[in-house]
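The values are calculated or read from the model by the stated rules, or taken from the named source; none is laboratory data. All values reported here derive from a predicted model rather than from experimental measurement. Here Cβ is always computed from backbone atoms with ideal geometry, including for glycine, and neighbour counts include all displayed protein chains.
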Amino acid sequence: MISLKILFYFSLFIIFWAMIGYPLSLIMMDKLFFHKKKMIKDTTFLPSVTVMVVAHNEEKVIYDKLINLTEINYPKDKYNILISSDNSTDNTNQIVEDFIVNNKDFNINLYVAKQHLGKTNAQNEAQKIVESEILVMTDANSIIEKNAVKELVSSFSAKEISYVCGKLNYLNKDINETSNSENEYWNLDLKLRDIEGRIQTITAGNGALYACRNDEYIDIKAIRSHDLAFPLYFALNNKRAIMNPDANVFEKAGETVEDEFKRKVRMNRNGLKSILPEVRILNVFKYKWFSYFYFGHRTCRYMLWIMHIILLISNVLLVKSSVIYWFYLMLQIIFYSSVLLKLIFKIDNKILNLAYHYAMTLTAQFVGAIRLLSGKSKATWDKAETTR
């Protein structure tokens, strides 16, 4: 009975801390102690830059992406564009080659990976031909604001900064309940990242737009992504990873449940390994606030799916021991019933939409964990078409 209670309250705490406790603690810390701490940047700092785009069969969007990149506000003699084609089999390569011929006033290059091994591998390969001081990476379906590259680069004027991600904005945030719910969660996450970066360092970036110093780039396994790997690597090497909220990039959220679920499964393909990738993260004396940030923002988040399972099972087994467990069980039944109501009757209600979106995130974490344990997790994935 005691062990059941320990499991129950431990899982309840992890869920509470991930979704409510940590965000509230960070916001309160910022209001009380860190609200005056500003991000250091210098917009006159203009080193050489290469913007890399990885593309696998992106014929639908690659031309618009190239147009977007040629409209970026940055000195031409210090600005390079590199398309790394991840073994594209459609017209992507031809579109890029034609664009290069018709835009010779820009330094644009095409690198073609011989095998389709995923985004990270294509980045690892293409980086070897980059000579610029700063390497900026962005997705084929993202639209970068004209001053976003200059904003990203301005943060590298501080020597301790090794990684900077931009602020991802969803273009279709109000188009339907799926994209709207994702935007609600994302806005809170952006706020937390901004605070983490100003205090010390963020725990994760985003693939839509980010940058690092080219001489600090490291090859990582193809199954991993820079979003998680780079901020972690730099933080553990006493460097800083931050978000520059003035470097705006725009992208579509998944407009269907299927596409959004597919995207979340991909994001959680290494969720189990990200719970505590290295024990030394726990050394608060060396890593200071990063240990606190990682536990709240990553460890607890990636444990949510298993914590919900443990909470429900232990709650059912404890329900006869005290009325308080009946109360907790009723709350869980109400939550899961609301998700079923949304699923069956397609009710468009903000609270039901958020509950359903949260349940979808938990399910995606579960699927990601199962795929990893079964060896089915892979570095490549099918695109969510509604994000194009």
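Looking for something within 25 Å of A235 (Cα to Cα) and surrounded by 15 or more Cβ atoms within 10 Å (Cβ to Cβ) - is there at least one such residue anywhere in region 357-365? First the steps, then the outcome.
Let us first name the residues in region 357-365 that are within 25 Å of A235 (Cα to Cα), namely 365.
With surrounded by 15 or more Cβ atoms within 10 Å (Cβ to Cβ) added as a condition, the list becomes 365.
Yes; the residues of region 357-365 include at least one that is within 25 Å of A235 (Cα to Cα) and surrounded by 15 or more Cβ atoms within 10 Å (Cβ to Cβ).
What are the residues in region 274-319 that are in a loop (DSSP other than H, G, I, E, B) and free of Cβ contacts under 8 Å to residues at least 40 places away in the same chain, if any?
I275, L276, N283, V319
So which residues in region 181-196 are closer than 17 Å to Y356 by Cα and out of contact with any strand residue (DSSP E or B) (no Cβ under 9 Å at 6 or more places or on another chain), if there are any at all? I'd like the intermediate steps shown before the answer.
Filtering region 181-196 for residues closer than 17 Å to Y356 by Cα gives 181-186.
Selection gives S181, E184, Y185.
Would you mind telling me which numbered condition in (1) part of a helix (DSSP H, G or I); (2) surrounded by fewer than 18 Cβ atoms within 10 Å (Cβ to Cβ) P245 fails?
(1)
Among the listed residues T203, T178, identify the single one that is of a type in the set (S, T, Y) and either surrounded by fewer than 19 Cβ atoms within 10 Å (Cβ to Cβ) or in a helix (DSSP H, G or I) (or both). Outline the logic, then answer.
Values: T203 fails: either surrounded by fewer than 19 Cβ atoms within 10 Å (Cβ to Cβ) or in a helix (DSSP H, G or I) (or both).
Just a single option satisfies the conditions, and that option is T178.
Return yes or no: is F261 part of a helix (DSSP H, G or I) and more than 15 Å from R193 (Cβ to Cβ)? Lay out the reasoning, then the answer.
Details: part of a helix (DSSP H, G or I): yes; more than 15 Å from R193 (Cβ to Cβ): yes.
When the stated conditions are applied, F261 passes them.
Considering only region 39-132, give the strands (runs of 3 or more DSSP E) lying wholly within it that have at least 3 residues that are in contact with a Lys or Arg (Cβ under 8 Å, 6 or more places away or on another chain) and touching a residue at least 24 places away in the same chain (Cβ under 8 Å).
It comes to 49-55.
Starting from region 321-334, keep only residues that are under 12 Å from K5 (Cβ atoms), then list their pairs with residues that are modelled with pLDDT under 95 and not acidic (D, E) whose Cβ atoms are within a distance under 9 Å, requiring at least 6 positions of separation or different chains.
Matching pairs, first to second residue: S321/M1.
Looking at this structure, is I370 of a type in the set (A, V, I, L, M, F, W, C), surrounded by 12 or more Cβ atoms within 10 Å (Cβ to Cβ) and more than 25 Å from the chain's Cα centre (by Cα)? Give the steps one after another, and end with the answer.
Working: of a type in the set (A, V, I, L, M, F, W, C): yes; surrounded by 12 or more Cβ atoms within 10 Å (Cβ to Cβ): yes; more than 25 Å from the chain's Cα centre (by Cα): no.
So I370 fails the test.
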